[in-house]
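What follows is a short report on a single structure.
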Amino acid sequence: AQSVAQPEDQVNVAEGNPLTVKCTYSVSGNPYLFWYVQYPNRGLQFLLKYITGDNLVKGSYGFEAEFNKSQTSFHLKKPSALVSDSALYFCAVSLSTGGFKTIFGAGTRLFVKA
Amino acid sequence: EAQVTQNPRYLITVTGKKLTVTCSQNMNHEYMSWYRQDPGLGLRQIYYSMNVEVTDKGDVPEGYKVSRKEKRNFPLILESPSPNQTSLYFCASSLTGQGAYEQYFGPGTRLTVT
């Protein structure tokens, strides 16, 4: 079965420290990979995506993510966390075969402490 | 302003009473989709539409119907709601259904079925 895993329900980090939110996937073919963020009582907002090319992609609000094909991972990173980064983060995979379906991970809640 | 709108934002109803959640986008996007968000499960795709009059099932279509008669609108219909359909629902759109484009999400509709 095709799936996306976010192994940590919650990540806690101190403000100013680097943060990593993990994502691994298991799909057939070459997927398109995305990160979205959800703030309280809001819809999801796009952060960044990997389609092809450079394995390190940069996105909004200083976030970046590294695609690792051999490990089938797409971890989200930020060099210096802000309290305002506290939110729910979703990794998602779009399948290029069998119709345009999107599979989301269960989400990781990030807490940044001042 | 480019946006996806959903109505209503909150809805409490009783088992078996038909309801419709509307979704509209003003970006001339070809692709639209409905998701439900449940704690610990992330977002699961209900239905998606590649273009007008083209719809297909996602991972959890049971108990739902959709239609795409106009490009901008993609209503979600629950003909006989049941308590297990209590959830947070999101509509999303993207430029095309080719998978490489990020999705724009509406603000969500919180549905409670008693």
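What follows draws every value from the coordinates through simple rules; no lab data is involved. All figures in this text were calculated on a predicted structure; none of them were measured in a lab. Every residue, glycine among them, receives a Cβ derived from its backbone with ideal geometry; neighbour counts consider all protein chains shown.
Among A:Val37, A:Val21, A:Val11, whose mean-square fluctuation peaks in a Gaussian network model of chain A (Cα, cutoff 10 Å)?
A:Val11
Between B:Asn28 and B:Asn7, what's the calculated FRET efficiency when r is the beta-carbon distance and R0 is 25 Å? Round to 0.05. Numbers along the way, then the final one.
Values: r = 20 Å, r/R0 = 0.81.
For B:Asn28 and B:Asn7, the calculated efficiency is 0.80.
Please report A:Ile51, A:Ile103 as a ranked list, fewest other C-beta atoms within 10 angstrom at the top and most at the bottom.
A:Ile51, A:Ile103
With Rg and the Kirkwood Rh both taken from Cα atoms, where does Rg over Rh land for the protein assembly as shown?
Values: Rg = 17.4 Å, Rh = 18.0 Å.
Rg/Rh for the protein assembly as shown comes to 0.97.
Evaluate peptide B:87-99: per residue, the Cβ atoms of other protein chains within 10 Å of its Cβ; return the mean as an integer.
3
Restricting to DSSP loop positions (anything but H, G, I, E, B) with no more than 11 other Cβ atoms inside 10 Å of their own Cβ, which chymotrypsin sites (Phe, Trp or Tyr not before Pro) remain in region B:68-114? Display every interim value, and only then the final one.
Values: sites: B:Tyr89, B:Phe90, B:Tyr101, B:Tyr104, B:Phe105; in loops: B:Tyr101.
Listed in order of number, the matching sites amount to none.
If r is the Cβ-Cβ distance from B:Ser80 to A:Ser26 and R0 is 35 Å, what FRET efficiency results, to the nearest 0.05?
Computed FRET efficiency for B:Ser80 and A:Ser26: 0.50.
Please rank A:Phe67, A:Phe111, A:Phe34, fewest neighbouring Cβ atoms within 10 Å first, as an exposure proxy.
Ascending Cβ contact count within 10 Å gives the list A:Phe111, A:Phe67, A:Phe34.
Give the average, rounded to an integer, of partner chain Cβ atoms located within 10 angstrom of each Cβ in B:50-63.
1
Averaged across A:44-50, how many Cβ atoms of other chains sit within 10 Å of each residue's Cβ atom?
Partner-chain Cβ atoms within 10 Å, mean over residues of A:44-50: 4.
Pull up the cross-link candidates among the aspartates and glutamates for B:Lys65, meaning alpha carbon to alpha carbon under 18 Å and not fewer than 8 places away within one chain.
B:Glu53, B:Asp56, B:Glu79
List, in the order given, every pair from B:Lys18/B:Lys57; B:Lys18/B:Lys69; A:Lys58/A:Lys113; A:Lys49/B:Lys17; A:Lys22/A:Lys101 whose Cα-Cα distance in the structure shown is over 29 Å.
Working: B:Lys18/B:Lys57 20 Å; B:Lys18/B:Lys69 20 Å; A:Lys58/A:Lys113 24 Å; A:Lys49/B:Lys17 40 Å; A:Lys22/A:Lys101 22 Å.
The answer is A:Lys49/B:Lys17.
Let me check I've understood the local charge: for B:Arg44, count other residues with C-beta under 11 angstrom from its C-beta, Lys and Arg +1, Asp and Glu -1. What total comes out?
0
When the gyration tensor of chain B is built from Cα positions, what are the square roots of 5 times its three eigenvalues, in whole Å, from largest to smallest?
In descending order the semi-axes read 22, 14, 13 Å.
Looking only at trypsin sites (Lys or Arg not before Pro) in DSSP loops with at most 14 other Cβ atoms within 10 Å, what is the longest site-free stretch of chain B?
For trypsin sites (Lys or Arg not before Pro) (loop position, at most 14 other Cβ atoms within 10 Å), the longest site-free span of chain B is B:19-68.
Over the alpha-carbon set of region B:67-114, work out the extent along each principal axis and list the three values in angstrom, largest first.
Taking max minus min along each principal axis of the Cα atoms, region B:67-114 gives 38, 22, 16 Å.
By what distance, in whole Å, do the Cα atoms of region A:1-97 stretch along each of the three principal axes, largest value first?
That works out to 39, 29, 21 Å along the principal axes.
Just the number: Rg to Rh for region B:1-44, Cα atoms, Kirkwood Rh, two decimals.
Result: Rg/Rh = 1.03.
How would you rank A:Glu64, B:Glu62, going from fewest to most other Cβ atoms within 10 Å of each one's own Cβ?
The fewest-first ordering by Cβ neighbours comes to B:Glu62, A:Glu64.
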